[in-house]
Amino acid sequence: MKFTAILATVALAAGVSSAHAYDPKATIADLDARLAKIGAPKLNGTDKAGDKEVPGMFFGERKINNNYDVVDAIRKAHNATATVFVKSGDEFVRVSTNVLTPEGKRGVGTQLARNAAYEAVSKGQQYCGPIDVLGTAFDACYNPIKDGSGKIIGASYIGHKK
């Protein structure tokens, strides 16, 4: 009987710890902290993102366009998808992502859909909630990325698959 009680306690504890691991706000905070540790965000020049020519997104001296170490670290640490978008005109374009297209390639060059997340980050606000990312449902968070003058130059994203 005691063994069953111990197993129930272990199962309950495992459930609680996995619930804490599945926290979109904590995951986006980790992504943003990792980016901030590299340096201040800024745009410089242009670069290719898929087949699009977009502004070059930098954190400190590190160009983020087509650089996947930070987003892949988020996948490893949180089992989450992660993206850095650059603002190009009125669009937010993926320049660093571990989100895959239906063909199994990184979704670099794809745009943030015109949805609740787009509306929020365009206004400089966070969005956390359910979202469809390239055809897959996620519990997600998006934060605007602002340069030193407070101008919105991009957005960060994380998602936990539903």
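The values are calculated or read from the model by the stated rules, or taken from the named source; none is laboratory data. Because the structure is predicted, anything quoted here is derived from the model rather than measured. Note: ideal-geometry Cβ built from the backbone for every residue, glycine included; neighbour counts use all protein chains shown.
Filter the range 1-43 down to residues that are of a type in the set (A, V, I, L, M, F, W, C), at pLDDT 95 or above and assigned to a helix (DSSP H, G or I) and give me whichever is surrounded by the fewest Cβ atoms within 10 Å (Cβ to Cβ). It would help to see each step written out before you state the result.
Of all residues in the range 1-43, those of a type in the set (A, V, I, L, M, F, W, C) come to 1, 3, 5-8, 10-14, 16, 19, 21, 26, 28-29, 31, 33, 35-36, 38, 40, 43.
From what is left, the residues that are at pLDDT 95 or above are 26, 28-29, 31, 33, 35-36, 38, 40, 43.
Next, only the ones that are assigned to a helix (DSSP H, G or I) stay: 26, 28-29, 31, 33, 35-36, 38.
Numbers: 26: 13, 28: 25, 29: 14, 31: 24, 33: 9, 35: 24, 36: 13, 38: 16.
The selected residue is 33.
All but one of (1) crowded, with 20+ Cβ neighbours inside 10 Å; (2) in a strand (DSSP E or B) hold for residue 70; which doesn't?
(2)
Any idea how many residues of the range 99-115 are closer than 18 Å to residue 52 by Cα, free of Cβ contacts under 8 Å to residues at least 60 places away in the same chain and not basic (Lys, Arg)?
Within the range 99-115, residues that are closer than 18 Å to residue 52 by Cα, free of Cβ contacts under 8 Å to residues at least 60 places away in the same chain and not basic (Lys, Arg) number 7.
When you scan the range 23-58, how many residues do you find that are of a type in the set (Lys, Arg) and over 14 Å from residue 87 (Cβ atoms)? Reasoning before the result, please.
Initially, the range 23-58 is screened for residues of a type in the set (Lys, Arg), giving 25, 34, 37, 42, 48, 52.
From what is left, the residues that are over 14 Å from residue 87 (Cβ atoms) are 25, 34, 37, 48.
Summing the residues that are of a type in the set (Lys, Arg) and over 14 Å from residue 87 (Cβ atoms) in the range 23-58 gives 4.
Mind listing just one residue for me: the one in the range 116-162 that is touching a residue at least 24 places away in the same chain (Cβ under 8 Å) and among the acidic types (Asp, Glu) and, of those, surrounded by the most Cβ atoms within 10 Å (Cβ to Cβ)?
The selected residue is 139.
Mind listing just one residue for me: the one in the range 91-115 that is in contact with a helix residue (DSSP H, G or I) (Cβ under 8 Å, 6 or more places away or on another chain) and not aliphatic (A, V, I, L, M) and, of those, surrounded by the most Cβ atoms within 10 Å (Cβ to Cβ)?
Going residue by residue through the range 91-115, those that are in contact with a helix residue (DSSP H, G or I) (Cβ under 8 Å, 6 or more places away or on another chain) are 92, 96-98, 112.
Next cut, not aliphatic (A, V, I, L, M) only: 92, 96-98.
On the way: 92: 30, 96: 26, 97: 24, 98: 20.
Taking the candidates together, the pick is 92.
Can you find a residue that is assigned to a loop (DSSP other than H, G, I, E, B) and modelled with pLDDT of 95 or more anywhere in the range 44-62? Let's see the steps before the verdict.
Looking only at the range 44-62, we keep the residues that are assigned to a loop (DSSP other than H, G, I, E, B), and these are 50-51, 60-61.
Remaining after also requiring modelled with pLDDT of 95 or more: 60-61.
Scanning the range 44-62, I find at least one residue that is assigned to a loop (DSSP other than H, G, I, E, B) and modelled with pLDDT of 95 or more, so the answer is yes.
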